[in-house]
Amino acid sequence: MARAVSSRRKSINTALAWGIGLIIFFPILWTILTSFKTEGQAIADPPVFLFFDWTLENYSIVQDRSDYMRYLWNSVIIAGGSTLLGIIIAVPAAWSMAFVPSKRTKDILMWMLSTKMLPAVGVLYPIYLLFIKLGLLDSLFGLVIVLMLINLPIIIWMLYTYFKEIPGEILEAARMDGASLKSEILYVLTPMAIPGIASTILLNVILAWNEAFWTLNLTAAKAGPLTAFIASYSSPEGLFYAKLSAASTMAIAPILILGWFSQKQLVRGLTFGAVK
Amino acid sequence: MATQHSRTAARIMMAPAVTLLLGWMLVPLIMTLYFSFKKYLPLRGGDLGWVGFDNYVRFVSSSAFWPSVTATLIIVGGVLLITICFGVLLAILLDQPMWGQGIVRILIIAPFFVMPTVSSLVWKNMFMDPNYGLLSYLWEFFGAEPIQWMSQAALPSIIIIVSWQWLPFATLILLTAIQSLDSEQLEASEMDGASTLRRFWHIILPHLSRAITVVLLIQTIFLLSIFAEIFVTTGGAFGSKTLSYLIFQRVLESQNVGLGSAGGVYAIILANIVAIFLMRIVGKNLDN
């Protein structure tokens, strides 16, 4: 039952929460607004908020100068490819651990989690060297593999917690009705597993999209994704706020939208089931 | 009942994932250990032979080591303090009845989805720039001298940027935990006349302790290895060189692989100490 709350208290809560929310969101809002200004307006004193001549020129300049589309494509391939490959490897593993658990299942899960704790910088040179020797430096394939490996523990864990929630009785009922293993998987388990798999894909695309250690260290001009594209703006030249804003807006917009759909999965995926 | 047949099938289904992760863990780890006992300078002579624990001693006795430990502790500690304190308060606030709760949640969570290179550059240029940054307008508006954020206050600047990225994470997890609090218990204490502060100390905070621990441990693991936030802002200058950034510089910038690898082994040990505590909590939860 909801507690009775005076509307005065509710108004105060609302004002406070909206105020804080807008302050926290402000840097993103400001970036989006600045991307539609001219470079002159972007550094106007006093700053202009909404009343300026809206322009789209920054977006076309950014695309012309630095070939935004190619970086975007690289990001899509790296984030999408590493997630899909991870899912293909993780689904059977999580499936068998959830439905055919053995004494060692828990140890295996914990060990998988521990590989996620390995600090990237500790193994930077070996990976760098292997990439040179195998000709993978600055290649999309190499990054897909590395990002798949660093996110594989999270993918397996998330899938495991979702699969665990599928009640075993349903499987037994299906078997009693004479369902074969194939139809059991196809018609009973798969429909129940799809929401979990979808959430896992969503969160891992976001994590891979924003990953900024390996993508910065293992790429150059050819395979760089959007993280590297933005990093190239770290040495400023002349007036560049509006262009930086346009580039930033294009880099974060797709994932911001996806991210809002994944709030709940975020907690599950990043706390490994320790907070529910 | 699992049959022998299904056990074999289960093992085959797990094999690819286990093999890949085992390789991903062991191969680089063994290579790092191997290099850490060598004098290895790829650009200046290559492999110059075994040196025992020389690199380990030199890494900790170099003049850059202790400042980097201090910088790491200040950044990790500062971000944890800010995100957990504000996270608890925000979670309590968001749990209250209000209008437009869903939208406020979306606004607060948004920074977590911004890639680190974007948030760092936007903060550095559009907010913390001493000439054109919004914060310097704010300072001037109140008649104060604008701060040279990146050079005079490199550590606070990085703490602000990283806290902004991680506050949503802390808030979201603490909010999830708070929502599982039994509201009857709260109502009862309210009727008993317990003040808001007492309710916070005796009911809400103890209930949150586990979630706070989880946030603390997970964030520590991620914060120990922040990279992009330093790479695109100060580049490790002005006292903002953390332990992992120092290792990065030793390995890739000065190409002293032996020395950097020894540092890498220290980083791995440090991360594992934190990880053990996290794994214990996660493991306990797995039994239920």
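Quick note: the coordinates plus some simple rules give every number you see, no bench work behind them. The model shown is predicted, which means the values in this text are computed figures rather than measured ones. Glycine also receives a Cβ, built like all others from the backbone with ideal geometry; neighbour counts cover every protein chain displayed.
Some points to look at:
- Computed FRET value (nearest 0.05) for A:ALA253 with A:ASP45, which takes r as the C-beta separation and R₀ as 30 Å: 0.60
- For segment B:4-156: relative contact order, % (alpha-carbon pairs under 8 angstrom, 6 or more apart): 9 percent
- Kyte-Doolittle mean at least 1.6, axial Cα span of 15 Å or more - DSSP H helices of chain A: A:140-164
- Residue among B:ALA262, B:ALA271, B:ALA188 with the largest mean-square fluctuation in a Gaussian network model of chain B, springs linking Cα atoms under 10 Å: B:ALA188
- The protein assembly as shown pair-distance distribution - Cα-Cα, 20 Å bins, rounded %: 19, 51, 27, 3, 0
- Neighbourhood net charge (12 Å Cβ-Cβ; Lys/Arg +1, Asp/Glu -1) for A:THR38: -1
- Unit charges at the beta carbon, dipole of segment B:65-240: most positive-side option, B:LEU208, B:GLY193, B:VAL76: B:VAL76
- A quarter of the convex hull surface defined by the alpha-carbon atoms of segment A:1-140 gives 18.4 nm² as the mean projection.
- Prolate/oblate/rounded call for segment A:71-147, Cα gyration tensor, a/c under 1.5 rounded: oblate
- Counting only aspartates and glutamates at least 8 places from A:LYS182 when in the same chain, those with an alpha carbon closer than 17 Å to its own are A:GLU172.
- Taken along the Cα-to-beta-carbon direction at a fixed 7 Å, the label points for A:PHE261 and A:MET176 span 3.8 nm.
- Magnitude of the charge dipole for segment B:110-234, about its Cα centre and with charges confined to Cβ atoms of Lys, Arg (+1) and Asp, Glu (-1), is about 300 debye.
- Residues listed by number, segment A:89-118, amide nitrogen under 11 Å from A:GLU184 label point at 7 Å toward C-beta: A:100
- Taking max minus min of the alpha-carbon positions on each principal axis, chain B gives extents of 76, 75, 30 Å, largest first.
- For segment A:174-275, the spread of Cα positions along the three principal axes, ordered from largest to smallest, is 73, 29, 25 Å.
- Residue range of chain A that is longest and free of chymotrypsin sites (Phe, Trp or Tyr not before Pro) which are both DSSP loop and sparsely packed (at most 10 other C-beta within 10 Å): A:52-276
- Dipole magnitude for segment A:58-270: computed about the Cα centre from +1 point charges on Lys and Arg Cβ and -1 point charges on Asp and Glu Cβ, it is near 280 debye.
- Relative contact order of chain A, pairs being alpha-carbon contacts under 8 Å that are 6 or more residues apart, as %: 31 percent
- Stretchable slack from A:ASP107 to A:ARG70, in nm (0.36 nm times residue separation minus alpha-carbon distance): 9.1 nm
- DSSP-loop trypsin sites (Lys or Arg not before Pro) across segment B:160-267, with at most 13 other Cβ within 10 angstrom: none
- Taking 27 Å as the straight-line reach from the Cα of B:LYS241, the lysines in range (excluding those fewer than 8 positions away in the same chain) are A:LYS116, B:LYS38, B:LYS39, B:LYS124.
- Gain on full stretching of the segment that runs from A:SER232 to A:PHE141 - 0.36 nm per residue minus C-alpha separation: 30.6 nm
- For segment A:1-114, the dipole from Cβ point charges (+1 on Lys and Arg, -1 on Asp and Glu) about the Cα centre works out to 1040 debye, to the nearest 20.
- Averaging 1/r across all pairs of distinct Cα atoms in segment B:38-188 and inverting the result yields a Kirkwood radius of 19.3 Å.
- The loop-placed chymotrypsin sites (Phe, Trp or Tyr not before Pro) in segment B:1-110, going by DSSP, that have at most 12 neighbouring Cβ atoms within 10 Å of their Cβ come out as B:PHE53.
- Distances between every pair of Cα atoms in segment B:130-288, grouped in 5 Å steps from 0 to the bin holding the largest one, split as 2, 7, 11, 12, 13, 12, 11, 11, 9, 6, 3, 1, 0, 0 percent.
- Where the Cα pairs of chain A fall when distances are cut into 10 Å bins, in %: 6, 21, 25, 22, 16, 7, 2, 0
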